[in-house]
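**Student:** My questions will all concern the structure given below.
FYI, it's all coordinate maths here, none of it is from the lab. For clarity, every value in this text was computed on a predicted model and none was experimentally measured. Note: ideal-geometry Cβ built from the backbone for every residue, glycine included; neighbour counts use all protein chains shown.
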């Protein structure tokens, strides 16, 4: 998947890519400086204004406590993205260690790591997350770690395969023949070629991590209320799906859009990378 | 000598109807003037979906929680029942005589009743049941606590069970009315715990005939039924052939299943759904009743900082503005309560003025208590410590609208400088936090059909945890006068004296700001229009299907 | 060949042992007393004697490593033990619950496959617009949280249109919404991968030569391209199995379906150690079996692997 050649005539930035780029820029602004887009307080309640449908002043409507959903969606970008990025970083970080160790440290390590990955794979991801959360209590930090752990084995497999194929590549063999040191070979040849493509995985994984964190929120194991986190908002809103669709529609849209946009950009990088 | 059953009808307690727009169709379901065809039809299967969990054992003597009581009430019957005023009425018993010293209670039993396995119901059966509940191997928690003052039981004659008490117990008959102390066939009990858990045998209108784990329990009609409770609409066997008792944990799915017709009756409705189902012409009705016992309330942990300081407790209660939220979140389906006791429990006393909102006063009290500085986020601090209140929430007990209300409490108390941290937890973790006193405030449900619930919740004896770590006195209240009032009220049988003592106890709780009452814990039953004759048994506000039938 | 098979079996046993061990000790870290799970769950006011009796009966008063060795010993004889909360042999509970989950997972996988392959083939032959639409559909489908999708499906098809039941029913109608809930996001993933493969195949020399031999376009697509496109899908099926089991926890809860997912969630919440470990073992076994199967199918479907082995 990572080694595919770019397709003939594939333009780098089509309209879809431009839209995705715009979404990501908007996301970053919302995450870094939410007050620019939504100056209000995402936690300010107004029971008298509960369940208002989208209208002037409340473009996304209000929730069961009269909080402005637009403000909450904007302020929710930071925690949601942090969960997504951090969980993916944990997953890939762990995977890098395991995957590279397996690929480069000889057969015994490879055997051990491969078995470990098999075991982790055999665990349903959600069970791993459930265990982590019941041990350490629900919350943003634990659900981030839980999602990160649950995704690590998948990444580790890809990295191991990648590193092995690079290690067997002609230019590495050539370097060995030329008598270069192991460290130099690792640093100059294997790491860049094996690891850099992995960063593409990050963009692909962020969206998925956000979705899984939302699933944990559904089971009551995610961010603690009244956090303006998209998964938690979705969870609170689902009880009013029939009467106040806007409570779930807008946070849901934010999740889908950010997951989709990061995926599109990830693919873009992937193509550039192989060039 | 069987006692004739009073011809009073069971009706739902309609105390909660506030908004005039909200006509709860359910109140008419059991009433005679219902416009539905008057002649009940026999036959048919009714599907019930519960949002309470699936019991791990169908015998309510074992453990003893709400899911067991719900499914068990239509199979297992009690010695006594209650009418809608909370007064004791006979059921399997025909009456009770208390000795002058209050230490001996003779319970007279109705003649001619048999368990569905053919075992006759007599004094020996009562003895076997009480001994079963008190046997440590049964692992009862609710029944054994309710029988705390019962030293022994004997069969004085075949139709008289004699209870010997260690001290007088004014709540004994109320306790015996609960499904957790229901009468089961001694032959059934003798089968051992595993068999009895899978299908206890009672005298009720239905029998347990199948239990497919995580799917349903099947109840089938008892054709020889003779022991209808007081107020039942008819004598003799039920109309329904069978009841499929399903477990649907998600409230939105449960309501959707009712709407799309897969189930006929659901419980634990959400407020918005109550409004939708109550609407004229919706095709559905709602039956509501206030569960007896304690109201839904916040318990302030007075044993530990920061709520060990009465001023801080008062400041919290004076800043927790809940009325607007109760109105908007519950759509007028509940009334604000100012009493620790549910409106369906006798001797409740309201102290509305103690719960008035006053932010200025709250600020003054906090200043006085030394929480004078504020940190960057606007929370008060003292000696560099933030005024943090941990609030563990049981996701099994608190419904979503309630959690939203707690979020609003966090927000309104923030204005005076409290940092309330909400922690939704699964049941085991939540009990763990409570057992470790690792909380500032929490909300716990306690259902009991007697004002004696106050003794369980607020007597200092109940600060000491049971071996399992559970301590009902979450507020950590320890006041000698309160203990004395509660003990005395539990022993006297003079109603005027009981009332005065219970009022005194509730006054102490209100004035000391230990508890913030919110509203009654409501049983909210939604049903399809084709279900007729449904009612709630007043004892625990549990649906009674002995009179229910399915139209066309 | 025999040696290889023996290694495979040994690897599978190792995976099962490690999964059981990890879960056994993982659950020890969770606060909460398993003895209480036996005595009617948390919050029960169980007496000291009752707790002690239960601890002795289930061996909970022994050191953890003794409990572990005993458990392993029993496991070795095929005995999964007895559930704390349901008072039933674990094997019996799993036996009663596994059918529903396997049916749900298998149907979801099949439906996801059909949707993904259909989308991949359609969008690769329909020009740029179709490609963009197909790609967008896949990406969006993969990004939808399934619990939310479930609620929307119930709202549309049960509450509003009243076409389909909102909860499980004896007939096949009750399966439609749960299967769709799991299949749509999965189809998004599979579709993304398959399309890349299909596109590759369309440009591959063997397709060119097939065209040159005069095979019809439909024939080329069915015989070569589709098979090529299916390969990564097959390879991903092991992963998809785990994904479906995780999804089943959510879906079975929402649609009130009996099954392993709901059993697992309840068991974790009640600290029912034998039941959790039992379910984990069965799922791990399922994963091992699925992996072996997908390897075999890949070999059959991919001529390159066949010649290599």
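**Student:** Against the longest alpha carbon principal axis of chain B, how many degrees, from 0 to 90 and to the nearest 10, is the axis of helix B:123-134 turned?
**Tutor:** 30
**Student:** From zero outward in steps of 10 Å, how is the percent of C-alpha pairs of the stretch B:337-430 spread across the bins?
**Tutor:** 14, 32, 35, 17, 2
**Student:** Largest first and in whole Å, give the semi-axes of the stretch A:80-203's equivalent ellipsoid, each being the square root of 5 times a Cα gyration tensor eigenvalue.
**Tutor:** Its equivalent ellipsoid spans semi-axes of 32, 16, 10 Å.
**Student:** Let me ask something else. If you rank B:282, C:246 by fewest surrounding Cβ atoms within 10 Å, what's the result?
**Tutor:** B:282, C:246
**Student:** Per q in 0.06, 0.07 Å⁻¹, report the Debye log10 I(q)/I(0) for the protein assembly as shown, using one uniform scatterer on each alpha carbon and no solvent.
**Tutor:** Debye output, listed in q order: -0.52, -0.70.
**Student:** Apply the a/c threshold of 1.5 to the C-alpha gyration tensor of the stretch B:464-552 and tell me whether it is rounded, prolate or oblate.
**Tutor:** In terms of gyration-tensor shape, prolate.
**Student:** In whole Å, what is the distance between the alpha-carbon centres of the stretch C:239-263 and the stretch B:128-143?
**Tutor:** Taking the Cα centre of the stretch B:128-143 as reference, the centre of the stretch C:239-263 is 37 Å away.
**Student:** What FRET efficiency do you get for residue B:167 and residue A:53 if R0 is 60 Å and r is their Cβ-Cβ distance, rounded to the nearest 0.05?
**Tutor:** 0.50
**Student:** Please compute the volume of the convex hull spanned by the alpha-carbon atoms of the stretch B:296-520 and report it per residue in Å³.
**Tutor:** 122
**Student:** Now, a different point. Working only with C-alpha atoms, what are the Rg and Dmax values of the stretch C:106-205, expressed in angstrom?
**Tutor:** According to the Cα coordinates of the stretch C:106-205, Rg and Dmax are 15.4, 52 Å.
**Student:** Between residue B:350 and residue B:382, what's the calculated FRET efficiency when r is the beta-carbon distance and R0 is 41 Å? Round to 0.05.
**Tutor:** Taking R0 as 41 Å, the efficiency between residue B:350 and residue B:382 is 0.75.
**Student:** Oh, and also: At 7 Å along Cα-to-Cβ for each site, give me the label-to-label distance between residue B:511 and residue A:108 in nm.
**Tutor:** Reported label-point gap for residue B:511 and residue A:108 is 7.8 nm.
**Student:** For the stretch C:91-308, just say rounded, prolate or oblate: build the C-alpha gyration tensor, square-root its eigenvalues into a ≥ b ≥ c, call rounded for a/c under 1.5, and beyond that prolate if a/b exceeds b/c, oblate if not.
**Tutor:** In terms of gyration-tensor shape, oblate.
**Student:** Label points 7 Å out from Cα along the Cβ direction at residue B:464 and residue B:124: separation in nm?
**Tutor:** 3.9
**Student:** Helix C:64-76 sits at what angle to the longest principal axis of chain C, using alpha carbons and giving 0 to 90 degrees rounded to 10?
**Tutor:** 60
**Student:** What is the fewest-to-most order of B:263, B:416, A:113, C:64 by other Cβ atoms lying within 10 Å of their Cβ?
**Tutor:** Ascending number of Cβ neighbours within 10 Å: C:64, A:113, B:416, B:263.
**Student:** Calculate how steeply helix C:260-269 sits against the longest principal axis of the alpha-carbon atoms of chain C, using the helix alpha-carbon long axis, and give the answer as 0 to 90 degrees to the nearest 10.
**Tutor:** Orientation of helix C:260-269: about 40 degrees from the principal axis.
**Student:** For the stretch B:409-510, what are the per-bin percents of Cα-Cα distances with bins 5 Å wide, up to the bin holding the maximum?
**Tutor:** Cα pair-distance distribution for the stretch B:409-510, in percent: 2, 11, 18, 19, 17, 14, 11, 6, 2, 0.
**Student:** From the mean inverse distance of alpha carbon pairs (Kirkwood) and the Cα radius of gyration, derive Rg over Rh for the stretch C:182-261.
**Tutor:** 1.21
**Student:** Using Cα springs under 10 Å in a Gaussian network model of chain C, which residue among C:100, C:127, C:12 shows the largest mean-square fluctuation?
**Tutor:** Among C:100, C:127, C:12, the largest GNM mean-square fluctuation belongs to C:127.
**Student:** Order these by the 10 Å Cβ neighbour count, fewest first: B:48, C:58.
**Tutor:** C:58, B:48
**Student:** Something else: With a cut-off of 8 Å between alpha carbons and a minimum separation of six or more residues, what is the relative contact order of chain C in percent?
**Tutor:** After rounding, I find 25 percent.
**Student:** Here is a further query. Per the helix-only calculation at 222 nm, which mean residue ellipticity applies to the protein assembly as shown, given -39500 (n - 2.57) for every DSSP H run of n ≥ 4 and division by its residues, nearest 500 deg cm²/dmol?
**Tutor:** Computed ellipticity for the protein assembly as shown at 222 nm equals -16000 deg cm²/dmol.
**Student:** Okay, next question. Between residue C:204 and residue C:133, what is the label-to-label distance in nm when each label sits 7 Å out along the Cα-to-Cβ direction?
**Tutor:** 2.8
**Student:** Can you work out the FRET efficiency for the pair residue C:57 and residue B:493, with r the C-beta to C-beta distance and R0 = 45 Å, to the nearest 0.05?
**Tutor:** Result of the calculation: an efficiency of 0.60.
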